[in-house]
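Structure record follows, encoded as structure tokens.
The values are calculated or read from the model by the stated rules, or taken from the named source; none is laboratory data. Just so we're clear, the structure is a prediction, and the values are computed from it rather than from any experiment. Ideal geometry is used to build each Cβ from the backbone, glycine not excepted, and the neighbour counts take in all protein chains shown.
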Amino acid sequence: MKYKQKGYRESEQRDRDRDRREPPKPRTPEERQLRHMMERSARVILRCHQCSADAGPVEGLDPAAVCSACGAALHCCRNCAHFDTGARWECREAITAPVLDKTAANTCPLFKANTVLDATGRRSGSPASGGGNASPSDARAAFDNLFKKK
């Protein structure tokens with residue numbers, strides 16, 4: 001090539017490289033499943049505003065409910081979907097009086113739990129295949145077997 005600057009006629013080179021490559025082999029369903037050994041499930045949960053622990057079911061949240069991990073109140077302004085630090089009195093809804101302590105339990109009629117979608121996923125498959133309820137010792141044994149000298 002006459003010019004060695006980056007970007008000069010790169011598209012032509014890319015097209016030539018693409019033509020030389022082999023088309024990908026079609027994968028079987030088993031190969032696809034082995035590649036993605038995560039269970040794809042998600043659930044709607046309420047997280048504690050203080051420690052981010054899973055606070056349990058959202059339906060029927062008691063105004064006196066507390067977090068099992070840290071003891072913080074769950075029915076409070078900080079766990080409400082309408083909580084906004086940039087809004088007047090830190091609430092997007094039209095309230096008549098400000099709530100002074102945003103982390104204390106309250107009985108606000110406008111409270112709506114701030115839910116999140118927990119899509120962490122879990123390992124699927126048998127313990128022998130690296131998923132399921134395998135213990136750390138099983139994983140350590142599998143790792144040792146992988147790098148064992150012959």
Can you find even one residue in the stretch 49-64 that is modelled with pLDDT of 75 or more and touching an Asp or Glu at 6+ places or on another chain (Cβ under 8 Å)? yes
Counting only residues that are surrounded by 10 or more Cβ atoms within 10 Å (Cβ to Cβ), at pLDDT below 70 and part of a loop (DSSP other than H, G, I, E, B), which one in the stretch 10-41 is nearest to the chain's Cα centre (by Cα)? S41
In the stretch 98-150, what residues are modelled with pLDDT of 75 or more, in a helix (DSSP H, G or I) and either under 25 Å from the mean Cα position of the chain (by Cα) or under 30 Å from R88 (Cβ atoms) (or both)? A139
Going by what's in this entry, would R14 be described as out of contact with any Asp or Glu (no Cβ under 9 Å at 6 or more places or on another chain), without any contact (Cβ under 8 Å) to a residue 24 or more places away in the chain and among the basic types (K, R)? yes
So which residues in the stretch 42-96 are assigned to a loop (DSSP other than H, G, I, E, B), crowded, with 18+ Cβ neighbours inside 10 Å and not aliphatic (A, V, I, L, M), if there are any at all? C48, H49, C67, H75, C76
